[in-house]
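A.B. asks: One structure, pasted below without further comment.
The values are calculated or read from the model by the stated rules, or taken from the named source; none is laboratory data. This is a predicted model, so every value here is computed, not measured. Don't worry about glycine lacking a Cβ; one is built from the backbone with ideal geometry, like all the others, and counts go over all protein chains shown.
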Amino acid sequence: MFNKVILVGNLTRDIELRYLPSGTAIGSTAIATNRRFKNQMGEQRDEVCFIDITFFGRTAEIANQYLKKGSKVLVEGRLKFEQWTDQTGQRRSKHSVTVETLQMLDARGQVNEGEIPTPGGYQQPQVRSSYQQPMTSKPQNEQNEPNIPEIDIDDNEIPF
């Protein structure tokens, strides 16, 4: 089965950060997305959808540090169905998104009107290959020049 959700929107509240006894950070907030469409009468309408989102680990700490209510983000994660019993004894449920990848779409600080924000992002750490190309040292004058071999070709041998 495949469970993947990608959302772009604005945070509806500041992130609530807490820690599990194991030390794992959990950040909770919600994102608002909207869809513009024309109804049958030809009028422009907006449909807003509010989705609870949860960050874990280092992503939660980074989101808490750099994001606030109104921040524009792109989140990628998986849909989760939560069930619980409220204080009155009623069964309650909701869908939420567990975030696996976060990309901040606002520029650092304030974005002036007409200014294009610089995207920045953070993704949960993933296992990477530890192999690295060995470093070779070159003389200072050769470091900036590409290593292109010389070829001896007569102009009559070029087909065009």
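A.B. asks: Quick check on my filter: what residues within the range 34-48 are within 25 Å of Phe81 (Cβ to Cβ) and either charged (D, E, K, R) or at pLDDT 95 or above (or both)?
C.D. replies: Arg35, Glu47
A.B. asks: Being over 16 Å from Val8 (Cβ atoms) and at pLDDT 90 or above: is that true of Glu113 here?
C.D. replies: When the stated conditions are applied, Glu113 does not pass them.
A.B. asks: Something else: Checking Leu74 against (1) over 18 Å from the mean Cα position of the chain (by Cα); (2) closer than 18 Å to Gln103 by Cα, which test does it fail?
C.D. replies: (1)
A.B. asks: Looking at the range 4-23, which of its residues are within 17 Å of Thr101 (Cα to Cα) and among the β-branched types (Val, Ile, Thr)?
C.D. replies: Listed by number, the residues that qualify are Val5, Ile6, Val8, Ile15.
A.B. asks: Looking for something modelled with pLDDT under 95, assigned to a helix (DSSP H, G or I) and either of a type outside the set (D, E, K, R) or on the phi < 0 side of the Ramachandran plot (or both) - is there at least one such residue anywhere in the range 121-140?
C.D. replies: Checked the range 121-140: at least one residue is modelled with pLDDT under 95, assigned to a helix (DSSP H, G or I) and either of a type outside the set (D, E, K, R) or on the phi < 0 side of the Ramachandran plot (or both).
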